[in-house]
Amino acid sequence: MLPAIAVTVALLAGCTPTAPTAPPDHALTTDEAQRLAIARFTNYDEGVREIVAEVPGERPVRFTGWVDFANHRGLVSVGTSKDAPGELGLYAWTGDSIAVRDGAVPAAELPLPEGDWQIEQLDPSSSVVQNLFAVALSLGSDRPDNPTLLQQSDARWLRSDTIDGTPVDVITGPTSDGPATSTPDPAAATVRYWIDDKGRLLRVELRQPGGDNWTRLDLGAKSDVDLTPVQTLVAGVG
């Protein structure tokens, strides 16, 4: 016969509750589709927001600065860590052009520092970095997206999460403009949106080509920074 203490332990072990499992991914509900639909318009309405982006790889880099979602322009410094945000220089860009200035700066700053700015066409297909900049500008729109079309698409709710204590839903973006023709595989998603309960976009993740590395773009506070000088800098290139 088992000692009483052993029996008690055995009974307790047998009654241990099973840890709750996370809910499975699913097609967007009406509420989730509506919040995704207004995310870009919310950015446009706020105008300029602070951003921090991290691009992993053999030489990871970190971008810190601002994006003007209403006027579609951005300015960031680039470094290898948060402790040296501008050690590698500056990037300024619009929907058409990108300007690069090599040389260390304390951080993204205005007025724009003088120097040898190299200006060229923005080509999202040329690099992970230029694709990131193009996507960043696309996150602002002067009107909401259509929630019905989003709900019919292959966009999926993945999970609940938090960013700095704020609850968010993590949602994969649609892969086409048309309705879903089959149940999508969330593991094949190329874009993930982190959206709070007000439809405010707090993070975007972009899968890099040819692997499972993700570029992360965090969207911060609204800013009163005026990025008009970025437009002036790249004017005439097109």
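Throughout, read-outs are computed from the coordinates displayed, never taken from laboratory work. Computed from a predicted model, the values in this text were never measured in an experiment. Cβ: placed from backbone, ideal geometry, glycine included. Neighbour counts: every protein chain shown.
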Subject >> Over segment 26-234, relative contact order from alpha-carbon pairs under 8 Å, at least 6 apart, % >> reply: 26 percent
Subject >> When the convex hull of its Cα atoms is projected in every direction, mean area for segment 26-234 (nm²) >> reply: 11.7 nm²
**OP:** Determine the dipole magnitude for segment 26-234: charges of +1 sit on the beta-carbon of Lys and Arg, -1 on that of Asp and Glu, nothing else is charged, the reference point is the Cα centre, and the result goes in debye to the nearest 20.
**Re:** 340 debye
**OP:** Among GLY140, VAL61, PRO113, flag the residue with its Cα farthest along the positive direction of the charge dipole of segment 26-234, charges on Cβ as +1 for Lys/Arg and -1 for Asp/Glu.
**Re:** GLY140
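Taking 0.36 nm per residue of separation and subtracting the Cα-Cα distance, what length does fully extending SER176 through SER126 add?
Values: separation 50, 0.36 × 50 = 18.00 nm, distance 2.18 nm.
Stretched fully, the SER176-SER126 segment lengthens by 15.8 nm.
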Original post:
Spin-label point model (7 Å from Cα, Cβ direction): what's the ASP212 to THR29 distance in nm?
Top reply: 2.9 nm
Original post:
What FRET efficiency comes out for the pair TRP117/ALA187, r = Cβ-Cβ distance, R0 = 30 Å, nearest 0.05?
Top reply: 0.15
